[in-house]
Amino acid sequence: MHYQTESWGAYLPSPTTVNDPLHRIERLAAENAVVIFSLSSCCMCHVIKRLFCGMGVNPTVYELDQQPLGKDMEKALMRLMGSTSPVPVVFVGGKLVGAMDRVMASHINGTLVPLLKEAGALWL
C-alpha cells in the first residue's frame, strides 16, 4: 500500500500564483472558447461584444469594473498589451488575439472565423 509522504500543499499552486493577475487572466482565458475582458462603460468593448454575438458566438465576458480584482487585472492587461487602453482584450481558444484593432483586422482578413471554429466557438 502506498502512503502519501508529502503534504497536499506541495501539489497546490502557491498563493502568489493564484492571486497573480496575469495567472488569473490566463486561467480564465483557458476555461472558455472566447473570452472578452471589458469595461461595462466602454463603447469599443460593446462593439466587440456585438461583433461576436452577431457572428453567433457566445463569448464569456469579464467586466473588469464589476470584478473584485478587476483593477489589478486591468493593470496586468495594460502590461500584457503594452498600451494605456487595456480593453477590450480578446482571447480565443486560450490564445491572445488582442485588442480591438487586432480583432477587427483578423475579422476583415478572414482569419477570425477559422480561429473561432478551431476553438469550438463557431459551428458553421
Dipole-positive endmost among Ser38, Pro68, Phe52 within the chain (Cβ charges, Cα centre)
Phe52
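For a protection proxy built on the mean count of beta-carbon atoms within 10 angstrom, sort 100-106, 88-94, 31-37, 73-79 highest first, please.
On the way: 100-106: 15.7, 88-94: 22.9, 31-37: 20.9, 73-79: 17.4.
Highest-to-lowest ranking by the protection proxy: 88-94, 31-37, 73-79, 100-106.
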The size of the Cβ-based charge dipole (Lys, Arg +1; Asp, Glu -1) of the chain about the Cα centre, to the nearest 20 debye, is 300 debye
Provide, for the chain, the number of lysine pairs with alpha carbons under 20 Å apart, each pair being eight or more places apart or on different chains.
4
Could you pull out every Cys in the chain that lacks a partner Cys with its beta carbon under 4.7 Å away?
Cys43, Cys53
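Computed from the coordinates by the stated procedures, all read-outs in this text should not be read as laboratory data. This is a predicted model, so every value here is computed, not measured. Ideal geometry is used to build each Cβ from the backbone, glycine not excepted, and the neighbour counts take in all protein chains shown.
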